[in-house]
Each structure stands twice: as C-alpha cells, then as structure tokens.
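Presented below is the structure to which this report refers.
The values are calculated or read from the model by the stated rules, or taken from the named source; none is laboratory data. Model, not experiment: these values are computed from the prediction. Neighbour counts are summed over all protein chains in view; Cβ atoms, including those assigned to glycine, are modelled from backbone coordinates with ideal geometry. Accessible surface is based on the protein model in full, side chains and every heavy atom, while ligands, DNA and RNA are left aside. Shrake-Rupley method; radii C 1.70, N 1.55, O 1.52, S 1.80 Å.
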Amino acid sequence: ERVSTPKTSVLELLKVAKERTTLLLVLAVVGPFFAYISLNSWLPTYYHEVRGFSLTKAGFMVGLLPLTGIFANIFVAVVPAKVGLRRPFLIWPGLIYVFAAFGTFLFNSDQVVYVSIVVLGFVQWMFMPMIFTIAMELRGNSPEKVAIIIGTALTIGNIVSLAGPILIGITTDAIGSYIPGFSV
C-alpha cells in the first residue's frame, strides 16, 4: 500500500533551509567535507610525486579512508546507543580529525601515515551519522523537515567542498608545495 506524503511548498523549503538548526548543521559539515574531499583528491598525487610511492600504493592508501568508514558506521550504530551519550562521539572525533588529517601529509614515516589515514577515515565516517541524528531528535521536526535539513547540509557541504581541490591545486602551483593547501 502506498503511503502519501504531504506536499511541501518551495517557501516552506526555503524557510527550513534558513533556520538556525539547518545553518548550524551546515557549518558542522562544511569543514570536514572540505578537508575530506581535498585530501581524497590530492593525497595520491602527493604520495606519488613527493613521497615517491607507486600509484598503486598511493591509491591503496587513500582507499583506506572510505574502507575504515565501514567499521566506523558499525561502531557508531552500536556504541553510542549503549553508552547513552552523543556529544563525546561528536567532539572527540572532531578533535582527532584535525591531528589525523595533518598526520596524512606531515610525517615521513609510512607507519604514521597509514595510522593517520585509518584514524581519519574512521572519525570522518563516525561523525556523519551522529551529526544528522541531531535533526531527527529536535522537538517539532517532522520527517519532511528533517529531510530538508539534512539535504540542505549535505548540498551546501558538498558544494563548498568543491573549492578544496581547486585551492590545493592553485596553492601548489603558486608556491611549489602541497603543505600550505593541505593545511587549510
């Protein structure tokens, strides 16, 4: 049996998209998306050109980012519910993310780079389900409103993240080093 969903006007969509909750969720995803897309785009080239890795090894290493996300999603589906807290699973991954991101390109040790990539992939995908449950748990949010909030956050986060690889390419060409672009 088909379930009918209420129609939502464009004005209602825009109203929800401009709400404080929506804007805060957008801000929460823009930075991690920007960094993740940038690093996914340029780390293989960096590892090949600067570190001398084969393209196979460089691609494999960066391929670990989404692979570890599988385990992060399983972890975040079980552990926070058992613990009964969400905040530590947002704050700690956010802090760890910064250090892991820098670890993917600042160290010459393959072991440190591998650990940094695995940790970065884990905390990136750990925060995603946690951040979007916020919209679902706020009082007064209908399923339609939650869909608009999450859709707006994902759309704006992905659009802004497109600037990351461009920024790295421009700064690398201008300065001759990947480090300043990666550091942003």
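Things to note:
- Each Cα pair under 8 Å and six or more residues apart adds its sequence gap; the mean of these over the residue count of the chain is a relative contact order of 35 percent.
- Taking every lysine pair in the chain that is 8 or more places apart or spans two chains, those with Cα atoms closer than 25 Å amount to 5.
- The angle between the Cα long axis of helix 20-49 and the longest principal axis of the Cα atoms of the chain comes to about 20 degrees, rounded to the nearest 10.
- Separation of alpha-carbon centers, region 36-58 and region 70-117, rounded to whole Å: 20
- Virtual spin-label span in nm between residue 155 and residue 71, 7 Å along Cα→Cβ: 3.6
- Calculated FRET value between residue 142 and residue 166, using beta carbons and R₀ = 35 Å, to 0.05: 0.40
- Annotation: residue 56 carries an accessible surface of approximately 110 Å², with a 1.4 Å probe and no ligand, DNA or RNA atoms counted.
- Residue 13 sits with roughly 70 Å² accessible to a 1.4 Å probe, with DNA, RNA and ligands left out of the calculation.
- Acute angle (nearest 10 degrees) that the helix 110-137 long axis makes with the longest principal axis of the chain, alpha-carbon atoms: 10
- Label zone of residue 179 (point 7 Å out along Cα→Cβ, amide N under 18 Å): in region 96-140 this covers 99-110, 112-113.
- The candidates 86, 20, 51, arranged from most to least accessible area with a 1.4 Å probe in the full protein assembly, appear as 20, 86, 51.
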